[in-house]
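K.L.:
This is the structure I want to talk about, given as structure tokens.
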Amino acid sequence: MIDFFSNDFINHPGIILILGGIAMMFMPGNMRRIVTIALPVIAMLGFLSYPDELILTVNAFGYTLDPIRIDGLSWIFTLIFIIAAFITALYSLHSSNKTEQSTIAIYAGSAMGAVLAGDLLTLFIFWEISALSSTVIIWAGNRNQSKQAGMRYLLIHITSGLLLLLGSILHYQEHQSILFNAMNIDSLAGLLIFLAFGIKCAFPLLHNWLQDAYPQASPVGTVALSAFTTKLAVYCLARAYAGTESLVWIGALMTVFPIFFAVIENDLRKVLSYSLNNQLGFMVVGIGIGTELALNGTAAHAFSHILYKALLFMSMGAVLHRVGTTKASELGGLYKSMPWTTIFCIIGALSISAFPLFSGFISKGIILYAVAEQGHWIIWLVLLFASAGVLDHSGIKVPFFSFFAHDQNHKCKEAPMNMLFAMGLTAAACILIGVFPGLLYQWLPHEMGFHPYTFDHIITQLQLLFFAALAFVVLFRNGWYPAEIKSVNLDFDWFYRKPLNSLVAAFTTSFTTLLTSIQSIKQNTLKIVTSSAYQAHGPKSTIARGTSVGNMVIWVAVLLSACLGFYYF
């Protein structure tokens, strides 16, 4: 039996947030705001009470489960998830949306529960809670597009959960164990689980749910969504598939293709969603390399990415909150009205672009060095190209078109104070980690011998960044940079939105026609049978027709004579 009242479960940060989020649904506004800030703090205290390494093993339902497993990898992911939960809670204090605030706590708690899970059953339970709660957050955007995007998101993530469940069942049949450890894609079970993680990690051709759903959430909801779902998938891949060669090529493709979509995209929150794909690619490459240095780079970059991506989404959320749009064609000149938001957005842009002294520089460099160390020079060149592309679409495009270009003369207030505090704390963290990388490196799962501030690394990165910036200036000044216009850009989801939708519509029409034909045949057949029966047995039929008594006496005598004759002979 599981003792849910033991200290290990009482201190579980995921359980604290999930139960607290449920309780928040029944609280008035002011109390709910206090609790939403207090929950991540309590979760952090509970988490820090655990030892550095812990495996809690229980027997339940006839299986051996490890509902809590703490090691170097799960520790750093849980830590950054708690930090992200606190930042999101602070950013949401102005909101009166009870459903959104309480569901965000449940969502964050489910991500922590999945990271701490040491077995596939526990992982599946929290995996599904994460999918359902994140869907509710998208629906809380309270727009027609939010409802539709949330439904598509839910269907995709239910598919991911079903693949995880089926893979777990097959894994148990093969190994008589459901412990969540290293796997491979050579078996059907391993392949199904790999695909489940790949959907949540937004692998190429499986990625459109991210750009479809994230921009449809509220400003607060998008910040929460950017922190947990995809990084949970990164953790699971690092746990189960480290060193899988195919991940190197999948990750490299992930870093490149979003660049072209982000450059032509008008919605800046969708630009950041494509950029999220790009940054995930670096982490996936690190997992595919699989060395201790590469896995350290993946964990460090996930940590840094959650912070600077949240900062960028928070700045765009503040713009959306005050102006009502994040379309680049409708923005510009906001540095006059929102100077602090402008500064924080620029810090996030410098961080994601990996400028020295900012967090992206000290984490992305680890992955690049690990790739070069293993001799993957083609992949290394691809990642360099992708790094330049990041500067173009997230480092320059987002702050430039939001706050400087196309001065639309928007007159609005600065972001609410709680938003500014959340952005300020996150910006400070991006700079602090960038200046003092040892603060992050000491928490990484393996011993760290990498030093980011070498002369070669600094010069190489600055050259890359300045040439990328020069390319943007030349393109923009000559009118060659894609114009910011109101448009709908087609991505791979076109194939299941249009042809697949048409195929489903055609199938539905054909099936409806078939049912109508069957119904018509059935009705006609029933009509014929009824008519024939009426003619044979109705009141005007031969059987029912009247006859004389004399005829009846003759027929009775004939039948009686026949019986007597048959009996005699």
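No value in this document is a laboratory result; all are computed from the given coordinates. This is a predicted model, so every value here is computed, not measured. Cβ atoms come from the backbone with ideal geometry, glycine included; neighbour counts cover every protein chain shown.
K.L.:
Which length gain, in nm to one decimal place, applies between A38 and S531 when the Cα-Cα distance is subtracted from 0.36 nm times their residue separation?
P.N.:
Contour length minus Cα-Cα distance gives 169.7 nm.
K.L.:
Mind checking the full-extension length gain between F61 and L439? Use 0.36 nm per residue of separation minus the Cα-Cα distance, one decimal, nm.
P.N.:
Result for the pair: 131.8 nm of gain on full extension.
K.L.:
Set the Förster radius R0 to 25 Å, insert the Cβ-Cβ distance between D407 and A471 as r into 1/(1 + (r/R0)^6), and round the FRET efficiency to 0.05. Walk me through the numbers on the way to the answer.
P.N.:
Numbers: r = 24 Å, r/R0 = 0.96.
In this case the efficiency is close to 0.55.
K.L.:
Between the stretch 112-165 and the stretch 223-264, what's the alpha-carbon centroid distance in Å?
P.N.:
Between the Cα centres of the stretch 112-165 and the stretch 223-264 lies a distance of 18 Å.
K.L.:
What is the packing order of peptides 26-35, 216-225, taking the mean over residues of other C-beta atoms within 10 Å and listing the highest first?
P.N.:
So the order, starting with the most tightly packed, is 216-225, 26-35.
K.L.:
Using only Cα atoms, find the angle between the long axis of helix 120-139 and the longest principal axis of the chain, and express it within 0 to 90 degrees, rounded to the nearest 10.
P.N.:
The answer is roughly 90 degrees.
K.L.:
Relative to the longest principal Cα axis of the chain, at what angle does helix 377-390 sit, 0 to 90 degrees, rounded to 10?
P.N.:
80 degrees
K.L.:
Once the Cβ-Cβ distance between W480 and A372 is put in as r, and R0 is 35 Å, what FRET efficiency do you end up with, to the nearest 0.05?
P.N.:
Details: r = 32 Å, r/R0 = 0.93.
Using R0 = 35 Å, I get an efficiency of 0.60.
K.L.:
Does the stretch 1-228 classify as rounded, prolate or oblate by the C-alpha gyration tensor (a ≥ b ≥ c root eigenvalues; a/c under 1.5 gives rounded; else a/b over b/c gives prolate, otherwise oblate)?
P.N.:
It comes out oblate by the Cα gyration axes.
K.L.:
Pop a pseudo-label 7 angstrom from the Cα along the beta-carbon direction at both H94 and L19 and give the gap in nm to one decimal.
P.N.:
Reported label-point gap for H94 and L19 is 3.4 nm.
K.L.:
Same structure again: Name the residues of the stretch 468-482 whose amide N is less than 19 Å from a point 7 angstrom out from the Cα of F260 along the C-beta direction?
P.N.:
Residues 472, 480-482 fall inside that zone.
K.L.:
Hey, what number do you get for the chain at 222 nm if only DSSP H runs of n ≥ 4 count, each worth -39500 (n - 2.57), divided across all residues, to the nearest 500?
P.N.:
One gets -23500 deg cm²/dmol as the mean residue ellipticity at 222 nm.
K.L.:
Let me make sure I get this right: for the chain, a, b and c are the square roots of the gyration tensor eigenvalues over alpha carbons, sorted descending. Under 1.5 in a/c it's rounded, otherwise prolate if a/b > b/c, else oblate. Which is it?
P.N.:
Because a/c hits 1.5 or more and a/b exceeds b/c, the chain counts as prolate.
K.L.:
Ranked highest first by average number of other Cβ atoms within 10 Å, how do 170-178, 136-144 line up?
P.N.:
Ranking the peptides 170-178, 136-144 by packing returns 136-144, 170-178.
K.L.:
Taking amide H positions as placed 1.01 Å from N in the peptide plane, with prolines and chain starts having none, which residues 5 or more places from A60, or on another chain, fall under 5 Å of its amide H?
P.N.:
L65
K.L.:
Place a point 7 Å from Cα of T291 in the direction of its Cβ. Which residues in the stretch 368-389 have their backbone N less than 14 Å from it?
P.N.:
368-377, 380
K.L.:
Under 8 Å for C-alpha pairs, at least 6 residues apart: give me the relative contact order for the chain, rounded to a whole percent.
P.N.:
13 percent
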